[in-house]
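**Student:** My structure is below; once you've seen it, I'll send some questions.
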Amino acid sequence: MGDPDLRPAEWDFVAARRRLESKPKSAGDKLTSVEDAVARVADGDRIAVGGCLFSRTPMALVREILRQRRTGLTLIRNLMCTEGEFMMAAGAVERVMTAWMSIGLPWGVSKIMRHYVESGAVALEEWSHLALGLRFRAAAMGVPFLPTLTMVGSDLVGVGGMKTVADPYTGESLGAVPALFPDVAVVHVHRADRFGNGQIDGYPHMDADITRAAATVLVTTEEIISDDETRRHPDRTVIPGFVVDALVHVPFGSYPHECYGLYEADYGHFADYTAAIDAQGPPAVADYLKRYVYGPTTYDDYLELFGGERLAAQQKLARELTG
Amino acid sequence: MTTSAAELLAVMASRQLRDDTTVFAGVGVPLLAAALAQQRHAPRLTMVIEGGIIGPRIKPGRLPISTNEMRAGHRAQMLPGITDTFLFAQRGFLDYGFMGGAQIDQHGNVNTSVLGSDYWKPKVRLPGTGGANDIASLCREVIIVTAHEKRRFVPKVDFVTSPAWLEGGDARRRAGLFFGGVSRVVTTLGVFGFDPESRRMRIEALHPGVTRAQVQEHTGFPLLDGPHVSETAPPEADELEMLRALDPERRFLG
């Protein structure tokens, strides 16, 4: 195995801090369109994606990044799902950083990941699930690394180049995961007021950390609530407005992935998608993107492809699990 | 109805879990085994799932496919973030780690990352560690649950995703892993442990009807014999009944 390709910009806490100090941290109105929000993403950016696997994926933002044809991206997500496959097939990413990538056990190992990674078209940099979480946590804390007991001794160390640090108190050697400051974080939340104060139900995943770690934060929300409503339950706010750059109101903003308590993931859709890949290979994803990403102009047009009946059925399934 | 391979695995694995403990369980057979243990002999067992879930009650017929979806957290007691969930393990609150594995070697190391000798030019790219590396690094003891096939049981894994005893002996501690290690490997043929000195895999028990020659034939390295190789008791009717009730669609039971 060759030397890891170390990228000091990922953990440069001084530069990341200066970048944050130089941008407005407004308590003002952040509501905008998904097109305007994604205009803040540049080619070559490191993008951290909120949610986890097929849970609370910011699908509307992922879709718009593809529609705006960004390239040379590094996509970072603890467990990567269909959104990673879309980005690979669209030629949008050159590197993904993740702990795991596929859709789920019933659909086997991702053939799209295998195709793009085995051919060398996309580099897959693997970190353990906790190590990736701690990389975001270190960045969220504004420090260059965190000591840990995980990932040491394994061959994953050589992939991302994790170093060790001597504990100044006991002298023991510990793993030192470097901070990971993304350029952009994209997340989907249950509700937010127009100033960007965001609330999440159910699994918090790593969203709070990535919104503090990133230089630019784009949020979609299922529901817009009033300023009064935020202030009635401030304990529910997990993303403060001043970290948010753009907010977009997108009901079903994770679909066909799940949003806790609101709609269950559309497993039938995954089955159809993977069946097409099994039959035709990577061109099936290009066809999928034509139909679901590049074709429909608005998110409502996109949701029309699934149909109201299907969306309602997924809502009912969610209530059965969390009601 | 005959016992399927997955049922045998789930039953044998569930028997490894003691009451008044905590288990970090992966989805599929490990989670079924933990749920079975909780129902049958370990009511004060707490399951922890890496998507950020503490103390769920799995809903029969709605088994989770992933570790972080609503199904996995049904009637949970707490939903911490993912990082914080793993930090419970780093602190030492997790007794057992319960995981599967694509490729396992004579020292219990598991590979779920790549097949081939060059990570960046893999012959086969596998899904990756997920939380398996963390579970293997941080839990008090790790129990691996896997089908017993020669292609899985190799002398040396292509890539150490989840470290057990590394090259054996005291290699794990020397590598900077302070705690834990793989204690048991539960397979479709038997239950295996590790020699305390060499840390090489050894036979602890064989399932009914399995011979030593048979198990060696399906293993890509020489197996040692434990001090008292026994025969496991076959699955009881109530174990199978409870297990089948958890997965009526037989999504994971085969």
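The values are calculated or read from the model by the stated rules, or taken from the named source; none is laboratory data. Please read all numbers here as calculations on a predicted model, not as lab measurements. Please note: Cβ atoms are built from the backbone with ideal geometry, for glycine as well, and neighbour counts cover all protein chains shown.
**Student:** Mind checking which residues of region B:1-58 are surrounded by fewer than 22 Cβ atoms within 10 Å (Cβ to Cβ) and acidic (Asp, Glu)?
**Tutor:** If the condition is that a residue be surrounded by fewer than 22 Cβ atoms within 10 Å (Cβ to Cβ) and acidic (Asp, Glu), then B:ASP19, B:ASP20 are the ones that fit.
**Student:** Which of the helices (runs of 4 or more DSSP H) found entirely inside region B:1-112 contain at least 1 residues meeting this: touching a Cys at 6+ places or on another chain (Cβ under 8 Å)?
**Tutor:** Once the helices (runs of 4 or more DSSP H) in region B:1-112 are filtered for at least 1 residues that are touching a Cys at 6+ places or on another chain (Cβ under 8 Å), what remains is B:82-91.
**Student:** Would a scan of region A:137-146 turn up a residue that is within 7 Å of chain B (Cβ to nearest Cβ), closer than 27 Å to A:VAL243 by Cα and within 17 Å of the chain's Cα centre (by Cα)?
**Tutor:** yes
**Student:** Using the structure shown, decide if B:GLU7 is under 16 Å from B:PHE252 (Cα atoms), of a type in the set (Asp, Glu) and touching a residue at least 60 places away in the same chain (Cβ under 8 Å).
**Tutor:** Yes; evaluated as a whole, the condition is true for this residue.
**Student:** Taking into account only those residues within region A:92-121 that are part of a helix (DSSP H, G or I) and at the interface with chain B (Cβ under 8 Å from one of its Cβ atoms), which is surrounded by the fewest Cβ atoms within 10 Å (Cβ to Cβ)?
**Tutor:** Filtering region A:92-121 for residues that are part of a helix (DSSP H, G or I) and at the interface with chain B (Cβ under 8 Å from one of its Cβ atoms), the one surrounded by the fewest Cβ atoms within 10 Å (Cβ to Cβ) comes out as A:PRO106.
**Student:** Turning to a different aspect of this structure: If we keep just the residues of region A:58-89 that are touching a His at 6+ places or on another chain (Cβ under 7 Å) and not hydrophobic (A, V, I, L, M, F, W, C), which is surrounded by the fewest Cβ atoms within 10 Å (Cβ to Cβ)?
**Tutor:** If we take residues in region A:58-89 being touching a His at 6+ places or on another chain (Cβ under 7 Å) and not hydrophobic (A, V, I, L, M, F, W, C), then A:PRO58 is surrounded by the fewest Cβ atoms within 10 Å (Cβ to Cβ).
**Student:** I want to confirm something. Restricting to region B:84-110 and keeping residues that are buried (at least 24 other Cβ atoms within 10 Å of the Cβ) and within 11 Å of another protein chain (Cβ to nearest Cβ), which single residue is nearest to A:HIS115 (Cα to Cα)?
**Tutor:** Here the answer is B:VAL110.
**Student:** Would you confirm, using the coordinates I've provided, whether A:PRO4 is part of a loop (DSSP other than H, G, I, E, B), within 14 Å of another protein chain (Cβ to nearest Cβ) and not aliphatic (A, V, I, L, M)?
**Tutor:** Against the criterion (part of a loop (DSSP other than H, G, I, E, B), within 14 Å of another protein chain (Cβ to nearest Cβ) and not aliphatic (A, V, I, L, M)), A:PRO4 qualifies.
**Student:** Now for a separate question. Just the residues that are surrounded by 13 or more Cβ atoms within 10 Å (Cβ to Cβ) and without any contact (Cβ under 8 Å) to a residue 12 or more places away in the chain, please, taken from region A:275-286.
**Tutor:** Result: A:ALA284, single match.
**Student:** Please work out which one of (1) within 13 Å of another protein chain (Cβ to nearest Cβ); (2) farther than 19 Å from A:LEU61 by Cα; (3) not in a strand (DSSP E or B); (4) not aliphatic (A, V, I, L, M) is the condition A:HIS205 fails and give its number.
**Tutor:** Evaluating A:HIS205 over (1) within 13 Å of another protein chain (Cβ to nearest Cβ); (2) farther than 19 Å from A:LEU61 by Cα; (3) not in a strand (DSSP E or B); (4) not aliphatic (A, V, I, L, M) leaves (2) as the failure.
**Student:** Right, something else. If I ask for residues that are more than 10 Å from chain A (Cβ to nearest Cβ) and either under 21 Å from B:SER230 (Cα atoms) or aromatic (Phe, Trp, Tyr) (or both), which ones from region B:166-190 would you list?
**Tutor:** B:VAL182, B:SER183, B:ARG184, B:VAL185, B:VAL186, B:THR187, B:THR188, B:LEU189, B:GLY190
**Student:** Also, quick follow-up: Being touching a residue at least 40 places away in the same chain (Cβ under 8 Å) and part of a helix (DSSP H, G or I) is the filter; apply it to region B:213-241 and report the residue that is surrounded by the most Cβ atoms within 10 Å (Cβ to Cβ).
**Tutor:** B:GLU239
**Student:** Looking only at region A:296-323, filter to residues that are out of contact with any Asp or Glu (no Cβ under 8 Å at 6 or more places or on another chain) and outside any helix (DSSP H, G or I); which one of those is nearest to the other protein chains (Cβ to nearest Cβ)?
**Tutor:** Once the filter is applied, the top-ranked residue is A:GLY323.
**Student:** Give me the residue from region A:178-197 that is part of a strand (DSSP E or B) and in contact with a Pro (Cβ under 8 Å, 6 or more places away or on another chain) and, out of that set, surrounded by the fewest Cβ atoms within 10 Å (Cβ to Cβ).
**Tutor:** A:PRO178
**Student:** Still on this structure, I have one more. For the list (1) at the interface with chain B (Cβ under 10 Å from one of its Cβ atoms); (2) outside any strand (DSSP E or B); (3) under 20 Å from the mean Cα position of the chain (by Cα); (4) under 26 Å from B:GLY28 (Cα atoms), I need the number of the one condition that A:LEU124 fails.
**Tutor:** Of (1) at the interface with chain B (Cβ under 10 Å from one of its Cβ atoms); (2) outside any strand (DSSP E or B); (3) under 20 Å from the mean Cα position of the chain (by Cα); (4) under 26 Å from B:GLY28 (Cα atoms), only one is false for A:LEU124: (2).
**Student:** Among the residues in region A:214-234, are any within 14 Å of chain B (Cβ to nearest Cβ) and at negative phi?
**Tutor:** No; the residues of region A:214-234 include none that is within 14 Å of chain B (Cβ to nearest Cβ) and at negative phi.
**Student:** Take the conditions surrounded by fewer than 24 Cβ atoms within 10 Å (Cβ to Cβ), assigned to a helix (DSSP H, G or I) and either at pLDDT 95 or above or not aliphatic (A, V, I, L, M) (or both) and apply them to A:ALA140. Does it pass?
**Tutor:** Criteria met by A:ALA140.
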